[in-house]
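Student: Mind having a look at this structure? Questions to follow.
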Amino acid sequence: MKRISKDLIIAFLGASMAVFALSGCKGESSTVDNAYLSKLCSAAPFDMEAVTLPSIPDRTVNLKDFGAIGDGITLCTDAFAEAVKSLSDKGGGHLLVPPGIWFTGPIELKSNIDLHLDENAVILFSSDRNLYPIINTVFEGLDCRRCESPIHAEGAKNVSITGGGVIDGNGGDWRSVKKSKMNEAQWKAKVASGGILNEKGDRWYPDEGFIEAEKNADMNVPTGIETEEQWERIKSFLRPVMISFRECKNVHLEGVTFQNSPCWNIHPLMCKNVVINNITVRNPEYSQNGDGIDIESCENTVLLNSSFDCGDDGICIKSGKDEDGRRRAAPCKNLIVKNCTVFHGHGGFVVGSEMSGGVENMQVEDCRFLGTDVGLRFKSKRGRGGVVKNIYINNIYMTDIATETVLFDLFYGGVSALEAMEKGGEAVVEAMPVDETTPQFRDIHISNVVCNGAARAMYFNGLPEKPVSNVTISDCVIKSKKGIVISYSENVTLDNVKVHPSEGEEPLTVINSENVVSK
């Protein structure tokens, strides 16, 4: 019998209550049709062709007919594979996952197939590393090797995950976690589940291989690995994203709860025509790299009526990192995000920091960010390159934001002008030559933001050689401890922006910037 982690038991017991609690944050309509999608896209403030739902053949098979047993114990990997093959051989159709707990290894979806979960179905992934081969893929914008994702498709057309139910990645057995991130009961349960602690006893690891890889890693990319035996030893460190669609066309996710991923929850990469509606995404607040959804280098995407409660960024837009991203040269463009809620998370709506291929034509409206670290977060750094432009954000409501309501940070991971000033130094950063590695953020429009509670209203942290430029912010009311700081920016207009800083600071401070107008 395969071991089921205590993290999973806790997550599963709470799933029904969480789904009930979060369902009220979704849209009134649980489904969308092509007519609605066409109307939505035609109303965008940029040219965007209408996205459409996949065309799935009217054919259904039941997972139980392929020998699967939904007892949460019997491994159903072969049954899923045989069911998908049976449908694929006939031209596609719907794979019905009936009520039960379906314990399995990775599932590969093929063209013209809909994975359809009954509302009482739970797909529970095993954390047995032997079931997840190491593959060549992309993670955090870099070409690299990782373990195969629990659900994945590559180069497929007309592929969907719909219905209801829960898809659980059993991620607690993969992720390292810090004691400071957990309460006492959670930490005791984690230590009792197995694994090992570091020398200080304040961080839990699944195994020694994870520690070895982390010591010699560049962020989440291991270095110095030369043999397959070495790769196998560090498999835990190569924890996969849970849902990976790579270079697929006509993708549809609707109605399902995605939770407890080993790493990012949902990662559409270089996909076209993507519709995501009425989903719930959950990872524990303490989950490292536990992003909700990372839409990377995709074209024509609609994300609607969904909720995210995560351990990292909630809704994140990317397009590759540094040289790998510039070489790919695939911007993320033509995206609509509407009527979504983000609870815990590092950011509500986030662009970057891996945006080397560019990001353009985005509309975000009618969203709630409730307790995220940052509300609207734009981040990058020197060396990335890429241009972020034509972003339109409207009707955003926030509460209990730990840092900034709106943040442009072009010194992500480095020292900003403001930080230098607060430490007693000069608020001047040396300019660098502008070249293909210089990131640019421009032509961004934000309106109708209401925030009750933030550490700082806004912070623009641009580069001296390439300031944040052409930004308009209008009709906002923000209650915060500190006001607005604009550094190394140009052509910024604040129109009817009302800031109420509780610490008595000036509502607006401008540093090393040009043509900043407050009306």
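The values are calculated or read from the model by the stated rules, or taken from the named source; none is laboratory data. Fair warning: this is a prediction, and the values are worked out from it, not measured in the lab. Neighbour counts run over all protein chains shown; Cβ positions are idealised from the backbone, glycine included. Please note that ligands, DNA and RNA were not included when accessible areas were found on the heavy atoms of the full protein model with its side chains. Shrake-Rupley method; radii C 1.70, N 1.55, O 1.52, S 1.80 Å.
Student: If the requirement is being over 28 Å from THR52 (Cβ atoms), assigned to a loop (DSSP other than H, G, I, E, B) and open to solvent by 10 Å² or more (accessible area, probe 1.4 Å), which of these qualifies: ASP324, ASP312?
Tutor: On inspection, the qualifying residue turns out to be ASP312.
Student: Hey, another quick one. Looking at TYR132 and the list (1) touching an Asp or Glu at 6+ places or on another chain (Cβ under 6 Å); (2) closer than 20 Å to LEU238 by Cβ; (3) without any contact (Cβ under 8 Å) to a residue 40 or more places away in the chain; (4) not acidic (Asp, Glu), which single condition is not satisfied?
Tutor: With respect to (1) touching an Asp or Glu at 6+ places or on another chain (Cβ under 6 Å); (2) closer than 20 Å to LEU238 by Cβ; (3) without any contact (Cβ under 8 Å) to a residue 40 or more places away in the chain; (4) not acidic (Asp, Glu), TYR132 is out only on (3).
Student: Condition first: free of Cβ contacts under 8 Å to residues at least 40 places away in the same chain, among the acidic types (Asp, Glu), surrounded by fewer than 16 Cβ atoms within 10 Å (Cβ to Cβ) and farther than 19 Å from THR399 by Cα. Now tell me which residues in the stretch 477-516 satisfy that.
Tutor: Scanning the stretch 477-516 gives ASP495, GLU506.
Student: Under 8 Å between Cβ atoms, at least 6 apart or on separate chains: pull out the pairs that start in the stretch 296-309 with a residue that is under 14 Å from PHE46 (Cβ atoms) and end on any residue that is assigned to a loop (DSSP other than H, G, I, E, B) and charged (D, E, K, R).
Tutor: Listed by first residue and then by second, the contacts come to ASN300/GLU49.
Student: While we're here: Do any strands (runs of 3 or more DSSP E) lying entirely in the stretch 339-409 carry at least 3 residues that are within 24 Å of GLY483 (Cβ to Cβ) and among the aliphatic types (A, V, I, L, M), and which ones are they?
Tutor: 387-409
Student: I'd like the full set of residues that are more than 16 Å from ALA81 (Cβ to Cβ) and either more than 24 Å from the chain's Cα centre (by Cα) or open to solvent by 50 Å² or more (accessible area, probe 1.4 Å) (or both), limited to the stretch 97-120.
Tutor: Within the stretch 97-120, PRO98, PRO99, GLY100, ILE101, ASN112, HIS116, ASP118, GLU119, ASN120 meet the criteria.
Student: When the stretch 33-76 is examined, which residues are found to be part of a loop (DSSP other than H, G, I, E, B), within 21 Å of MET362 (Cβ to Cβ), open to solvent by 50 Å² or more (accessible area, probe 1.4 Å) and not polar (S, T, N, Q)?
Tutor: Once the filter is applied, which keeps residues that are part of a loop (DSSP other than H, G, I, E, B), within 21 Å of MET362 (Cβ to Cβ), open to solvent by 50 Å² or more (accessible area, probe 1.4 Å) and not polar (S, T, N, Q), the stretch 33-76 yields ALA43, PRO45, ASP47, GLU49.
Student: What is the number of the single condition among (1) modelled with pLDDT of 95 or more; (2) open to solvent by less than 10 Å² (accessible area, probe 1.4 Å) that PRO433 does not meet?
Tutor: So PRO433 meets the others, but not (2).
Student: So, VAL428, is that one open to solvent by 20 Å² or more (accessible area, probe 1.4 Å) and not in a strand (DSSP E or B) or not?
Tutor: yes
Student: When you go through ALA68, ALA156, ALA121 one by one, which is the residue that is small (Gly, Ala, Ser) and closer than 26 Å to LEU238 by Cβ?
Tutor: It is ALA156.
Student: Further question: Mind checking which residues of the stretch 282-293 are open to solvent by less than 10 Å² (accessible area, probe 1.4 Å) and of a type in the set (Ser, Thr, Tyr)?
Tutor: Selection gives SER287 alone.
Student: Is it the case that LEU463 is outside any strand (DSSP E or B), open to solvent by less than 10 Å² (accessible area, probe 1.4 Å) and out of contact with any His (no Cβ under 8 Å at 6 or more places or on another chain)?
Tutor: yes
Student: For LEU53, state whether it is in contact with a His (Cβ under 9 Å, 6 or more places away or on another chain) and modelled with pLDDT of 95 or more.
Tutor: yes
Student: Of all the residues that make up the stretch 488-519, how many are closer than 17 Å to GLU465 by Cα and either assigned to a loop (DSSP other than H, G, I, E, B) or among the small types (Gly, Ala, Ser) (or both)?
Tutor: So the count comes out to 4.
Student: Return yes or no: is LEU335 in contact with a Leu (Cβ under 9 Å, 6 or more places away or on another chain), crowded, with 24+ Cβ neighbours inside 10 Å and aliphatic (A, V, I, L, M)?
Tutor: yes
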